[in-house]
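Beneath this line is the structure, given in structure tokens, with notes to follow.
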Amino acid sequence: MSAMNFLKGVADLIVPVLSKSQFQEKGVLTPDEFVRAGDELTYRCPSWSWVSATGSSRKSYLPKNKQYLVTRNVPSLARLGDQAMEGNGEHVVEQSADDIDGWVATHIDRIEPEIPDITTNDHSRSTESRDKASEYEEENDESGIDAQVFIHRANHAVIRTRTYDLTITYDKFYQTPRVWLFGYDEDRNPLSPGQIMDEISSDHANKTVTVEAHPHISRVSCASIHPCKHASVMKIIIDRAVESGRQPKVTAYMFWFLKLISAVIPTIQYDFTNDID
């Protein structure tokens, strides 16, 4: 454990739980706001779910059945080395004399505080999927492709990918969400910390992303995106929303947050909806 993590652990024991909302003033969340934002995420994106905790890993300031969020088996179709990721709509949104690294975020100007109703969108996607399925069945009925040939082609079309389990915990010290990554290779073998770093933007690997013990899962080390800058960047997003005449909502926090995190792990295709663009 690093000296910084040791000091944070000690401070975490004595720092009081945030009870008054400072969402708009500082970009932070109370535990209750974290739960509300998480509830909205699980409602909009069913691939995310709450996880309970017992014993010493349970945080008394969070509901027993809502200790942290998880989404499992998230695909990563390519390594950063296989893509020209640099300069792809990214720019520094926080920079000061004391913080030369800044924070790179993708399409930050396009993040909106309102999340549109998704019923119509989901219905249109569902209808489109059914239409495509019908077209596919008709084409294969007409062509009369031999079943064995079709199976052979389908097997060769399968893309073997790395997958990740992503969790979001509440960081009491920084009063923000914190993301953790645990990965598997194409054969479901756990990835080493070095392999996980293949997914991390070069601006953040070994800087804002470190390997640490998960606070709720015993004997498991994960790559974690350090939350020290989360609040200040979220404050920028909130301020821009206010300046544009919108009223920021706590329930939209997780969507903005995951949009920002996608700049750090751009190859991992987790769900935070595209409706906030």
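With the simple spin-label model, which puts each label point 7 Å out from Cα in the Cβ direction, the residue 221 to residue 60 separation comes to 3.1 nm. Listed peptides 162-169, 48-55 appear in the order 162-169, 48-55 once ranked by packing, highest mean of other Cβ atoms within 10 Å at the front. Full extension of the chain between residue 39 and residue 246 yields a length gain of 72.3 nm, computed as 0.36 nm times the residue separation minus the alpha carbon distance. Bridgeable lysines around residue 235 (alpha carbons under 20 Å apart, same-chain partners fewer than 8 residues away excluded): 20, 26, 172, 249, 259. Subtracting the Cα-Cα distance of residue 228 and residue 188 from their residue separation scaled by 0.36 nm leaves 11.2 nm.
In terms of the mean number of neighbouring beta-carbon atoms within 10 Å, the peptides 244-255, 174-185 order highest first as 174-185, 244-255.
No value in this document is a laboratory result; all are computed from the given coordinates. As the structure is a prediction and not an experimental result, all values here were calculated from the model. Positions of Cβ are backbone-derived with ideal geometry, glycine not excepted, and every protein chain shown enters the neighbour counts.
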